[in-house]
Protein chains: 4
Amino acid sequence: MAQDQTLNTTPMKAKHDADARKKFLGKTIEHIDITKNPGIVPVVEAMGHMAFSSRDLQRAADIYDRMLKDKECGVILTLAGSLISAGLKKVIVDMIRSNMVDAIVSTGANIVDQDFFEALGFRHYVASDELKSGLFDGELREHAIDRIYDTLISEDELRICDEVTGKIFDGMESGAYSSREFLREFGRYLDENGGPKCADSIVYEAFKRDVPIFCPAFSDCSAGFGLVAIQAARGDSPKPTWDGGKDFYELTQLKIKNKETGLLMIGGGVPKNFTQDIVVAAEVLGHDAPMHKYAIQITVADVRDGALSSSTLKEASSWGKVDTVFEQMVYSEATLAMPLIVGYAYHKGSWKARTGKKWSQVLEQQPAGVA
Amino acid sequence: MAQDQTLNTTPMKAKHDADARKKFLGKTIEHIDITKNPGIVPVVEAMGHMAFSSRDLQRAADIYDRMLKDKECGVILTLAGSLISAGLKKVIVDMIRSNMVDAIVSTGANIVDQDFFEALGFRHYVASDELKSGLFDGELREHAIDRIYDTLISEDELRICDEVTGKIFDGMESGAYSSREFLREFGRYLDENGGPKCADSIVYEAFKRDVPIFCPAFSDCSAGFGLVAIQAARGDSPKPTWDGGKDFYELTQLKIKNKETGLLMIGGGVPKNFTQDIVVAAEVLGHDAPMHKYAIQITVADVRDGALSSSTLKEASSWGKVDTVFEQMVYSEATLAMPLIVGYAYHKGSWKARTGKKWSQVLEQQPAGVA
Amino acid sequence: MAQDQTLNTTPMKAKHDADARKKFLGKTIEHIDITKNPGIVPVVEAMGHMAFSSRDLQRAADIYDRMLKDKECGVILTLAGSLISAGLKKVIVDMIRSNMVDAIVSTGANIVDQDFFEALGFRHYVASDELKSGLFDGELREHAIDRIYDTLISEDELRICDEVTGKIFDGMESGAYSSREFLREFGRYLDENGGPKCADSIVYEAFKRDVPIFCPAFSDCSAGFGLVAIQAARGDSPKPTWDGGKDFYELTQLKIKNKETGLLMIGGGVPKNFTQDIVVAAEVLGHDAPMHKYAIQITVADVRDGALSSSTLKEASSWGKVDTVFEQMVYSEATLAMPLIVGYAYHKGSWKARTGKKWSQVLEQQPAGVA
Amino acid sequence: MAQDQTLNTTPMKAKHDADARKKFLGKTIEHIDITKNPGIVPVVEAMGHMAFSSRDLQRAADIYDRMLKDKECGVILTLAGSLISAGLKKVIVDMIRSNMVDAIVSTGANIVDQDFFEALGFRHYVASDELKSGLFDGELREHAIDRIYDTLISEDELRICDEVTGKIFDGMESGAYSSREFLREFGRYLDENGGPKCADSIVYEAFKRDVPIFCPAFSDCSAGFGLVAIQAARGDSPKPTWDGGKDFYELTQLKIKNKETGLLMIGGGVPKNFTQDIVVAAEVLGHDAPMHKYAIQITVADVRDGALSSSTLKEASSWGKVDTVFEQMVYSEATLAMPLIVGYAYHKGSWKARTGKKWSQVLEQQPAGVA
């Protein structure tokens, strides 16, 4: 089909009415800067003597600080939920800059549709309160504006992001890549094109500091449109493809090479399960890998429905994935809990004595498999 | 590394004490059979005149019935959460047998770790109430028993399932496959080995009736261990790989070829987002595909945290993915709501006048891409 | 103040535009009739072999059936949340008619604003979906229409209900009354005025069958306006007053006289706590009262915030209030779970061999305190 | 009955084993001091530019600051959930000391079982993590230790608190009292007995600064045992009784005398509904009282079950109770959100220009009713 080979990057039925769009896309989301807020420390410390979520939050913050003090420990951050659009980007970038994280496993949305999207110069916008009702979503659609609960995005800009991913893929050699390898190319693209067009970028910072990023459901994001485009354009001819099995193999290799690990999980979903599973995968490959030694999860999910996002860390321990001495669930929406937990650990400063693991180099120096 | 090439399929540190295991693995989960319960219809009808979740549930059941009456409409079922282990397998198998579903998009856990696992002759077990506390998860681990909230699985049996997936991959020609193509081979494996070793199997029934199954995070399940094994064994040599971009391309082709679609979503997660996104993917490929005409989601997730699982169907409409005339969220745990909704539609019988779309054949007759 | 003595029973600023009101108040809520649905039994039985909420629900239904088989056991139903407006009235009336409940402890809203209100001839109405957004609440206010999530009430009619409560109080002798004594007068009022002006009424049926009803926060409902009116009219002169301590004393007397008790709790709140506390109150009065032997709670509340509504029945057992052999939490919205649980017990029929305790007579035959 | 007249204030069946009790009751809950944390302000300000709960929290904090700037506005704090046992007592005491609140409407548990209890010299204790499972509640009961999720209380000490309330009632003249009048006597009792036996007390501070406290379900708390005791001892003879209608009348009088009001609601329940209702009660008494001008609610409850605790402030506006210009729901557990919201307003300092309303004096100067 002819259409399949020239991509359509403009929402077909939308009015592209600049005035109307300005009405909606006026006020930008600004990312919180925890490095400027040492006042977080005494608040979190006081919470440790209270009850309910505040006590849990302090314990989680303390466990994260322990992870950073434990020099053997590799720290893996997992991300699910719309975190970057919600203003948490700089928290994560500061974690990378301060050697507070060694690998990231995320939904594609956070990394591509939101972080890489902002690195291309685009922004997220504050939705006015009445839009949350859903009653104006038809009008938003007419103006090609996408809504994430109380936040707005220009679909036109998102289509450009989709398109850039396709161009990057198109410029790569044929072969099977992990999402990590693709995302490294995204970082390189930014680096070769004058750096990110915004103050901070996870994809860029991780590229510069050799922090690998995995998106185990990589086709389920803006990059998926790029992958579809290249499938459509090249059919069965040689092309770069996303080899999801390689993702799992690579992350497992990190566990094998750096036995002690700690998890800081924001939300649940595929990133949480995928990362917990590498303990079992290492064992399947014949390595006696210990369970994740430290584990924190921030979530609003409810344990009682049996979904993975809400399964407790104790439950993960029955599967041999997570140790239970230093584990803590924090039941809170992430925009409240994450700045407090990471801010606490940042200002406690244990990361200053820590060296980054530079796991991207580890993976590149030793190619996959039999070698 | 030598270890990487002979797989270790036994949990290393577990005691394999048959008596202790019998204590835990005594009582099996039994799957509910909605076909025997016509009494569901008047209960759901009465709920339509009440308030809160009961009214929502009746409206969702009615929308599902409308989908089945609308002969143009292709019905896509998405699955997230531990549904098969929870006793919902037969509901889904009966949907396949009755032409009530044309494609399934699921987490890998439901399809491989749970349905295919049962087809290999294994079972899920009822956990006693005190195990839910998490305080006995260390003991469970010692006996290689995995816990999903109030349900237990033998890890030894799960490792056999992992191993079988690896063997199936190993017997396939080298090349890039979608998860759908792999799962079709899982169905063929069952067919060539005497059928499922249990009364009902989604993988098998879907194979026999040409209902494609997609797992867009396919490495995040029991099959992922098979994928890792083959990565370890063959390294950069030719091998079957999972091409996640092909999943997205194939599901989008179905939307292009069968414009009218309805979604029955159990839980959210990647299956929900991935399936909603094919509307945009079709447009990116230059096709004027309409939004999903019908959409139902059963979930316990809370809209206020911005996670995808909980984003409303109205919100999806701002993205141009879901139409809002026939959409309904049902806030309920799935084991309560799914039997009532599907049972209602089953006994209303609109499916009797419906023909299955046989979408597996559609995808196989026309190869991907430019041809 | 002059105003304080002539009551104003019309919402002051509302437009009383009949046409506009008809637009909103068109479709009535209809109460589900579980007596006509024996098909509930096999569905609930099948749920007992599944996982998550379905298994919990079946166990709760079984415990309720056990309570009814246990002839020593007095059954107390507690009600919180908008249950009558949601269509659950007939379920409760059928429980009273079938000797399936011996006392009711409720929020005032369920009993006065909703049940007594319907007995006066008024109805609840289905709100259209967009009203749930809250964006039209200003318009509703202009038309004196009150909203409960997806349900509407005429404020004019509710003010009549307020006024009737005031008239009933005004006709009573001066003195301190329990809410039970007041509510018995409400039943008598209906009886002497031609019975309820609708098919079923909890207040009326409980009056006829000697089932006492307590509202431990009695001033927090439509009756509260009647109490305020009489305070305003009579000041420090003799008048009927609501003596809330007498409520607690009376309910405790029932526990003392009928030691074995079971609780069916819909929602939490004051009714739950108040009823659990009578075990301790009996002990404070020197009686060796056993804990509540059976306890079921249906709730959507989350245990992790420490609120009373969500505190588990195990936690109540640390307080010596609830035994833990036959206790079950069911995490579900009540309109889904209550018809299934009560419908199951109704059609199992154990109530047929049971005699009502006629606790209203017990309380009236022996006056409070020292006599 | 003889027993009814000598109270039994010791849990009958408990072992009173000091060593075992020490094991559980070792580590006390400490109340957070927001006055020492000016660092809260920039964190909350940054949250205002993010999304989801953080943005809502900042808006709520800003609305509370507006209330304090608006000198006409009377500020009413409502409390539900176990807040004092959770470490929030000092936050509330500092609000009273700083003229940041004019009246409190609460569950009895917060005021009597927890604040007055601590003022008698008793403490709340940190429960170890495994106790949260509920599996040790039988053991706790044997040692007369009560559990609130992750917090422990000595039942022996709580019985002393029950007994003191009975003694205070016994020393009062016969007559009908509002809960506010009773709680004022509790404050006087502390004042006349050397002040509270702990650093801070809500009951005591409110007594000293003429801030009235209402418990609209007053018999549903430790004081209820005192009320039952006096019912048992005096039967139909004259005695002090709790007149719940008077509570509603008095709070309504405050609304009539101080038309502009703002609500800071922690949790929902009876305190929320009761306080919202005074707008209607004032109108019923013939006064044209405006809706509550400002309204904030912190809750984890879910709007979709129709319970009062979760009903939105917009919904309350359909009832004519709450204005919608300055209203904000914050979906968070209170121990996280309340220190941030009150801490923000405290350090913004608008309260410094504000005078306390001394509403206790207002109520005492003008007796109820016709005068």
Would you pick out the residues in region B:231-256 that are touching a strand residue (DSSP E or B) at 6+ places or on another chain (Cβ under 8 Å), more than 7 Å from chain A (Cβ to nearest Cβ) and part of a helix (DSSP H, G or I)? B:Glu250, B:Leu251, B:Leu254, B:Lys255
Please go through region D:182-206 and give me each residue that is without any contact (Cβ under 8 Å) to a residue 40 or more places away in the chain and over 26 Å from C:Thr241 (Cα atoms), ordered by number. D:Tyr189, D:Asp191, D:Glu192, D:Asn193, D:Gly194, D:Gly195
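The rows are residues; the columns are (1) in contact with a Phe, Trp or Tyr (Cβ under 6 Å, 6 or more places away or on another chain); (2) within 14 Å of another protein chain (Cβ to nearest Cβ); (3) farther than 22 Å from B:Lys90 by Cβ.
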site: B:Leu158; (1), (2), (3): no, yes, no
site: B:Glu163; (1), (2), (3): no, yes, yes
site: B:Phe186; (1), (2), (3): yes, no, no
site: B:Tyr189; (1), (2), (3): no, no, no
site: B:Ala217; (1), (2), (3): no, yes, yes
Top-ranked residue of region C:111-156 - restricted to ones that are within 11 Å of chain D (Cβ to nearest Cβ), more than 17 Å from the chain's Cα centre (by Cα) and assigned to a strand (DSSP E or B), ranked as farthest from D:Ala282 (Cα to Cα): C:Thr151
Pair list, Cβ under 8 Å, 6 or more apart: region D:159-181 residue of a type in the set (Asp, Glu), other residue outside any helix (DSSP H, G or I): D:Asp162/D:Thr9; D:Glu163/D:Leu7; D:Glu163/D:Thr9; D:Glu173/D:Pro240
Taking C:Glu157 as the residue in question, decide whether it is over 25 Å from B:Gln58 (Cα atoms), of a type in the set (Asp, Glu) and modelled with pLDDT under 95. no
Of all the residues that make up region D:247-287, how many are out of contact with any helix residue (DSSP H, G or I) (no Cβ under 6 Å at 6 or more places or on another chain), under 28 Å from C:Gly267 (Cβ atoms) and of a type in the set (D, E, K, R)? 2
The one condition in (1) out of contact with any Asp or Glu (no Cβ under 8 Å at 6 or more places or on another chain); (2) more than 26 Å from A:Pro271 (Cα to Cα) that A:Ile145 fails to fulfil: (1)
Kindly check whether there is at least one residue in region B:249-264 that is within 25 Å of A:Ala301 (Cα to Cα) and either buried (at least 24 other Cβ atoms within 10 Å of the Cβ) or in contact with a Cys (Cβ under 6 Å, 6 or more places away or on another chain) (or both). yes
Run D:Glu260 past the list (1) facing another protein chain (nearest Cβ under 7 Å); (2) modelled with pLDDT of 90 or more and report the number of the one that doesn't hold. (1)
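Rundown of residues vs (1) surrounded by fewer than 24 Cβ atoms within 10 Å (Cβ to Cβ); (2) modelled with pLDDT under 95; (3) over 26 Å from D:Lys358 (Cα atoms), yes/no style:
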{"position": "D:Gln3", "(1), (2), (3)": "yes, yes, yes"}
{"position": "D:Thr6", "(1), (2), (3)": "yes, yes, yes"}
{"position": "D:Met12", "(1), (2), (3)": "yes, yes, yes"}
{"position": "D:Thr28", "(1), (2), (3)": "yes, no, yes"}
{"position": "D:Ala51", "(1), (2), (3)": "no, no, yes"}
{"position": "D:Arg66", "(1), (2), (3)": "yes, no, no"}
{"position": "D:Leu77", "(1), (2), (3)": "no, no, no"}
{"position": "D:Ala86", "(1), (2), (3)": "no, no, yes"}
{"position": "D:Arg97", "(1), (2), (3)": "yes, no, no"}
Could you check how many residues of region D:68-90 are part of a helix (DSSP H, G or I) and over 12 Å from the mean Cα position of the chain (by Cα)? 5
For A:Gly138, all conditions in the list (1) in contact with a Ser or Thr (Cβ under 8 Å, 6 or more places away or on another chain); (2) at negative phi; (3) modelled with pLDDT of 95 or more hold save one; what is the number of the exception? (3)
From the set of residues in region A:94-110 that are among the hydrophobic types (A, V, I, L, M, F, W, C) and in a loop (DSSP other than H, G, I, E, B), which is farthest from A:Glu181 (Cα to Cα)? A:Met100
Please specify each residue of region B:218-254 satisfying the condition of being under 15 Å from the mean Cα position of the chain (by Cα) and over 23 Å from A:Pro238 (Cα atoms). B:Asp220, B:Cys221, B:Ser222, B:Ala223
Step by step: first the residues of region B:207-247, then only those that are touching a residue at least 60 places away in the same chain (Cβ under 8 Å) and of a type in the set (D, E, K, R), then the one that is surrounded by the most Cβ atoms within 10 Å (Cβ to Cβ). Which residue is that? B:Asp247
Residues located in region C:122-137, provided they are in contact with a strand residue (DSSP E or B) (Cβ under 7 Å, 6 or more places away or on another chain) and under 20 Å from D:Val325 (Cα atoms): C:Leu131, C:Asp137
When region A:331-371 is checked residue by residue, the ones that are aliphatic (A, V, I, L, M) and at pLDDT below 95 are A:Ala368, A:Val370, A:Ala371
Scan of region A:55-84 for residues that are more than 30 Å from A:His124 (Cα to Cα) and at the interface with chain D (Cβ under 8 Å from one of its Cβ atoms), ordered by number: A:Arg55
Looking at this structure, is B:Glu283 modelled with pLDDT of 95 or more and acidic (Asp, Glu)? no
Restricting to region B:25-43, and then to whatever is over 23 Å from the mean Cα position of the chain (by Cα) and assigned to a loop (DSSP other than H, G, I, E, B), can you tell me which residue is nearest to the other protein chains (Cβ to nearest Cβ)? B:Gly39
C:Asn273 versus (1) free of Cβ contacts under 8 Å to residues at least 40 places away in the same chain; (2) within 21 Å of the chain's Cα centre (by Cα); (3) not in a helix (DSSP H, G or I): which is the lone unmet condition? (3)
Would you confirm whether or not region C:312-331 contains a residue that is buried (at least 24 other Cβ atoms within 10 Å of the Cβ), in contact (Cβ under 8 Å) with a residue 60 or more places away in the chain and under 18 Å from the mean Cα position of the chain (by Cα)? no
For region B:15-45, how many residues are out of contact with any Pro (no Cβ under 8 Å at 6 or more places or on another chain) and under 24 Å from C:Glu333 (Cβ atoms)? 4
Considering only region D:52-62, I want to know if a residue exists there that is touching a strand residue (DSSP E or B) at 6+ places or on another chain (Cβ under 8 Å), among the small types (Gly, Ala, Ser) and touching a residue at least 12 places away in the same chain (Cβ under 8 Å). yes
Odd one out for B:Ala109 among (1) under 21 Å from B:His292 (Cα atoms); (2) in contact with a Cys (Cβ under 6 Å, 6 or more places away or on another chain): (1)
Report whether or not A:Ala46 is among the aliphatic types (A, V, I, L, M), farther than 22 Å from D:Val41 by Cβ, touching a Gly at 6+ places or on another chain (Cβ under 9 Å) and at the interface with chain D (Cβ under 8 Å from one of its Cβ atoms). no
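The values are calculated or read from the model by the stated rules, or taken from the named source; none is laboratory data. These numbers were taken from a predicted model, which means no experiment stands behind them. Glycine gets a Cβ as well: all are built from the backbone with ideal geometry, and neighbour counts include every protein chain shown.
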